[in-house]
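In what follows, a structure is listed as structure tokens, so that the remarks can point back to it.
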Amino acid sequence: MRKVAVIGVGCIKVGEHWKKSLRDLCFEAFKNALNDAGIESQMIDGLYIGNMSSGYYQRQEHLGSLVADSLGLIGVPAVKIESACSSAGFTFKEAVQAVASGMHEIVAAIGVEKMTEVKTPDATSALVMAADHDYEAEFGVTFVGLNALIKRRYMHDYNVKDEDIAYFSVHCHKYGANNPHAQYPFPIKLETVMKSPIVADPIRLFECAGIGDGAAVAILCPLEKARELIDEDRIVEVAGVGAATDTIRLADHDSLTSFKATILATKRAVSSAKITLKDIDLVEVHDAFSITGIISLEDMGFYKPGQAAKAAVEGELEKDGKLPTNMSGGLKSRGHPVGATGIYQIIEVTQQLRGEFGKNQVEDAQIGAAQNIGGVGGSVTVTILRRFR
Amino acid sequence: MSWAPQYWRELPYRYRLIGSKCMDCGRKYYPPRKVCKCGSENLKLEPIARKGKVYSYTVIYYPSKEFQGQEPIMVAIVETEDGARFLTQLTDCTPDQLKIGMPVEAVFRRYRTQGDKGLVMYGIKFRPVLERD
């Protein structure tokens with residue numbers, strides 16, 4: 001297997017892009033990534049497109065052909081990868097495999113989701129397709145509802161206060177405020193979170209990632225080739241990729257307050273990177289809800305069960321804290337265009353390792369990790385990136 | 001769009017709370033599975049206990065399109081007396097009565113209507129165990 005490097009990243013600001021189609025979003029993000037890498041589009045010989053619900057939102061499938069066509073890459077093999085909210089994490093993994101195996105040379109991993117074509121109840125119907133249709137969605141639960149079941153049980157089992165969990169949103173917004181591609185780039189107060197309407201008890205509106213449009217692109221090539229193509233200071237190596245699945249139904253998980261797929265994916269990523277958890281300088285976790293961010297930090301092994309909420313409140317997740325977490329603003333503040341999110345995380349970790357993350361730059365960041373969850377932990381990817389120089 | 005066959009083929013399980021039991025490790029599942037978590041394929045269809053306790057619950061105020069108008073919807077994960085754990089709706093109570101550990105029992109109820117022709121979808125919900133004389 002060849003070593004793989006990220007040589008270019010690009011995205012668009014997450015938001016409500018009423019005048020832009022799914023094709024437009026991909027095109028812009030792709031152009032930004034090409035400029036970042038300083039390469040020509042015709043050098044790309046493989047294309048992977050992460051997306052969850054284009055069939056529902058746009059009545060459009062066959063994104064492989066559509067996106068290749070839109071980017072001027074007619075003839076290049078391209079395919080859509082779907083794994084609910086971890087579509088982009090799995091897309092990145094496929095792209096890494098394609099380069100590592102020698103099948104492709106320069107590959108673009110694209111994540112895209114355009115959610116604002118429909119009204120909120122329709123988006124709610126699309127999102128709950130990540131759950132078991134016949135035995136979860138058809139019983140009236142929503143995706144927020146499934147996560148509310150987790151939060152309720154977590155508070156019960158570990159005696160953690162509601163507002164300590166909700167604080168995770170405050171933490172994310174503090175950093176998202178400085179992220180130029182964040183959907184909601186402003187700080188919020190804990191009081192605002194606690195007073196926001198209950199969506200599915202005990203989860204409030206300001207504990208949920210919003211609905212938005214986004215596209216994000218990472219360009220990969222063999223590490224050896226990267227040294228010819230770009231400045232060595234800007235090379236970021238894909239140190240390890242881990243992925244795992246769990247039962248699709250939440251009630252079938254071994255535990256309601258822990259995602260086994262995160263535990264497995266982290267172990268696999270860490271072992272393939274030949275590092276230990278302590279070597280990780282910063283992490284992007286999948287905080288689709290405040291509770292999800294918290295249990296992710298526990299499942300990855302950074303905190304013991306029941307401890308991560310307190311760690312956030314006590315400042316351990318700050319830029320100069322023990323484990324800088326979600327310096328992008330996370331899903332809550334940067335946004336969560338579902339099938340694109342995993343690549344946004346890759347972009348943010350890459351920029352950190354290059355030292356290009358502006359106000360939220362973690363000093364001397366060498367190794368960063370990104371965790372992307374599909375459904376309620378039915379699938380998870382963990383990617384570890386390392387600065388090359 | 002409607003999906004009558006997809007609903008119809010699940011009727012025995014939806015109407016009669018039939019799940020499966022692993023004959024090797026004893027785990028019980030609802031809905032039934034073909035392969036147990038222990039790896040065994042030696043599972044038998046079996047009715048699930050109709051009494052249990054609330055393991056976790058939520059109240060949904062913003063439902064999906066299909067359940068518009070039914071909010072607030074009370075949803076729980078219940079653990080039945082035979083050890084099965086699954087998601088269901090709660091009924092015959094109000095959100096303020098819900099508690100982890102509350103005893104509940106299965107009842108047959110209407111869920112929603114589906115498609116252009118208004119196919120009525122029924123199934124099992126759980127309600128608080130009634131105090132009887």
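Please treat every number below as a calculation from the coordinates, not as lab data. What you are looking at is a predicted structure, and each value in this text was computed from that prediction instead of being measured. With ideal geometry, Cβ positions are generated from the backbone for all residues, glycine too; neighbour counts draw on all protein chains shown.
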- [ ] For the protein assembly as shown, give the magnitude of the charge dipole about the Cα centre (Cβ charges: +1 Lys/Arg, -1 Asp/Glu; no others), in debye to the nearest 20.
- [x] 1060
- [ ] Output the relative contact order of the stretch B:1-48, whole-number percent, from Cα pairs under 8 angstrom with separation of 6+ residues.
- [x] 35
TODO: Would you work out the charge dipole size for the stretch A:70-168 about its Cα centre, treating the Cβ of every Lys and Arg as +1 and the Cβ of every Asp and Glu as -1, and quote it to the nearest 20 debye?
DONE: 180
Task: Cβ-based net charge around residue B:126, under 13 Å, with every Lys or Arg adding one and every Asp or Glu removing one - done: +3
Task: For B:79, A:207, A:105, A:363, order by how many other beta-carbon atoms lie within 10 Å, fewest first - done: A:363, A:105, B:79, A:207
TODO: Would you mind telling me which residue in B:80, B:58, B:94 has the biggest mean-square fluctuation in a Gaussian network model of chain B, where springs connect alpha carbons within a distance under 10 angstrom?
DONE: B:94
Task: Percentage relative contact order, chain B, counting C-alpha pairs under 8 Å, at least six apart - done: 22
Open item on the list: Helix-only mean residue ellipticity at 222 nm, chain A, DSSP H runs n ≥ 4 weighted -39,500 (n - 2.57), per residue, nearest 500. What is it?
Closed with: -11000 deg cm²/dmol
Task: lysines whose Cα lies under 22 Å from that of residue B:28, excluding same-chain neighbours fewer than 8 positions away - done: A:260, B:37, B:44, B:51, B:53, B:125
Task: If the convex hull is drawn through the Cα atoms of the protein assembly as shown, its volume per residue in Å³ - done: 150
Open item on the list: What lysines does residue A:80 reach when the alpha-carbon gap must be under 23 Å and sequence neighbours fewer than 8 apart in one chain are set aside?
Closed with: A:13, A:20, A:31, A:93, A:114
TODO: Would you tell me the mean number of C-beta atoms belonging to other protein chains that fall within 10 Å of each C-beta in A:31-40, as a whole number?
DONE: 0
Task: Spacing of the two label points (7 Å from each Cα toward its C-beta) at residue A:314 and residue A:231, in nm - done: 4.1
Task: Separation of alpha-carbon centers, the stretch A:88-144 and the stretch B:6-61, rounded to whole Å - done: 27
Task: Relative packing of A:270-278, A:158-166, which averages over residues the other C-beta atoms within 10 Å, highest first - done: A:158-166, A:270-278
Task: Point-to-point label distance, residue A:2-residue B:99, nm (Cα→Cβ direction, 7 Å offset) - done: 6.4
- [ ] May I ask you to derive the FRET efficiency for residue A:35 and residue B:119 from their Cβ-Cβ distance with R0 = 51 Å, giving the value to the nearest 0.05?
- [x] 0.45
TODO: Take the alpha-carbon centre of the stretch A:38-64, take the same for the stretch A:210-250, and report the distance between them in whole Å.
DONE: 15
- [ ] Might you list the cysteines of chain B that have no disulfide-compatible partner by the rule of another cysteine's Cβ under 4.7 Å?
- [x] B:93
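Would you mind giving the average projected area, over all directions, of the Cα convex hull of the stretch B:49-133 in nm² with one decimal?
In nm², the orientation-averaged hull projection of the stretch B:49-133 is 6.4.
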Open item on the list: I need the peptides A:326-337, A:294-305, B:45-56, A:343-354 ranked by packing, meaning the mean over residues of other C-beta atoms within 10 angstrom, with the highest value on top.
Closed with: A:326-337, A:343-354, A:294-305, B:45-56
Open item on the list: Using a 7 Å offset from the Cα along the Cα-to-Cβ direction at both residue B:44 and residue A:157, what is the distance between the two label points in nm, to one decimal?
Closed with: 3.2
- [ ] May I ask you to evaluate 6.51 cos²θ - 1.76 cosθ + 1.60, the Karplus curve with θ = phi - 60°, for each residue of the stretch B:53-68 and list the ³J(HN,Hα) values in order in whole Hz, giving x for glycine and proline?
- [x] 10, 6, 8, 7, 8, 8, 10, 9, 9, 10, x, 6, 3, 5, 10, 3
- [ ] Taking the dipole about the Cα centre of the protein assembly as shown, with the C-beta of Lys and Arg at +1 and of Asp and Glu at -1, give me whichever of A:214, B:118, A:243 is farthest to the positive side.
- [x] B:118
